[in-house]
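Engineer: A single structure is presented below for examination.
The values are calculated or read from the model by the stated rules, or taken from the named source; none is laboratory data. All of these numbers come straight from a predicted model, not from anything done at the bench. Cβ sites come from the backbone with ideal geometry, for glycine too, and all protein chains shown count toward neighbours.
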Amino acid sequence: MIVLSPQTLEKVRRIFSPADQDEVVTLLENDCGNNLPFLEKLDQYALERFRFAALKLSLGNLDKHRAAIELAKKDWRDCSSQQASPRVSMLTENGAHKPLGCWHGSLRPKSLCQ
């Protein structure tokens with residue numbers, strides 16, 4: 001387990017409600033870290049890219065965060081590539097894209113997405 005960097009922790013605090021923050025931190029530390037394939041030697045700062053991608057896909061929603069973590073565990077490249085565009089979608093089990101919302105470089109989810 002690799003702890004979160006201060007920048008990642010700040011993003012968690014700004015994106016998620018206080019009630020969800022502990023679980024988000026636990027998921028990122030335990031399931032979105034150096035346990036991902038080919039990321040075994042990365043430290044908390046080098047893991048930011050992958051953790052930021054999961055946070056971005058979550059849009060401040062705990063269920064979406066869990067789904068983003070599961071996506072990263074299957075293939076973190078999918079998680080990273082999906083978060084690159086302002087409009088974000090997730091590939092569903094049947095291969096269709098499911099819109100998740102947008103991310104405008106802001107740490108404020110949803111408020112800018114409407």
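Engineer: For segment 57-74, check the following and say yes or no: at least one residue is more than 13 Å from the chain's Cα centre (by Cα) and assigned to a helix (DSSP H, G or I).
Structural biologist: yes
Engineer: For segment 1-19, give me each residue that is without any contact (Cβ under 8 Å) to a residue 24 or more places away in the chain and under 19 Å from Asn34 (Cα atoms).
Structural biologist: Passing the criteria: Pro6, Leu9.
Engineer: Let me ask you something else. Checking His65 against (1) surrounded by fewer than 20 Cβ atoms within 10 Å (Cβ to Cβ); (2) modelled with pLDDT of 90 or more, which test does it fail?
Structural biologist: (1)
Engineer: Specify the residue that is nearest to Ala68 (Cα to Cα); the eligible residues are those in segment 20-49 that are of a type in the set (D, E, K, R) and free of Cβ contacts under 8 Å to residues at least 24 places away in the same chain.
Structural biologist: Taking the candidates together, the pick is Asp22.
Engineer: Can you name every residue in segment 22-38 that is modelled with pLDDT of 95 or more and crowded, with 16+ Cβ neighbours inside 10 Å?
Structural biologist: Across segment 22-38, the qualifying residues are Val24, Val25, Leu27, Leu28, Glu29.
Engineer: Within segment 42-50, is even one residue in contact with a Leu (Cβ under 6 Å, 6 or more places away or on another chain), crowded, with 17+ Cβ neighbours inside 10 Å and in a loop (DSSP other than H, G, I, E, B)?
Structural biologist: Within segment 42-50, none of the residues are in contact with a Leu (Cβ under 6 Å, 6 or more places away or on another chain), crowded, with 17+ Cβ neighbours inside 10 Å and in a loop (DSSP other than H, G, I, E, B).
Engineer: Cys79: at pLDDT below 85 and of a type in the set (A, V, I, L, M, F, W, C), yes or no?
Structural biologist: Yes, satisfied.
Engineer: Does segment 95-111 include one or more residues that are modelled with pLDDT under 50, out of contact with any Ser or Thr (no Cβ under 8 Å at 6 or more places or on another chain), polar (S, T, N, Q) and surrounded by fewer than 19 Cβ atoms within 10 Å (Cβ to Cβ)?
Structural biologist: Within segment 95-111, one or more residues are modelled with pLDDT under 50, out of contact with any Ser or Thr (no Cβ under 8 Å at 6 or more places or on another chain), polar (S, T, N, Q) and surrounded by fewer than 19 Cβ atoms within 10 Å (Cβ to Cβ).
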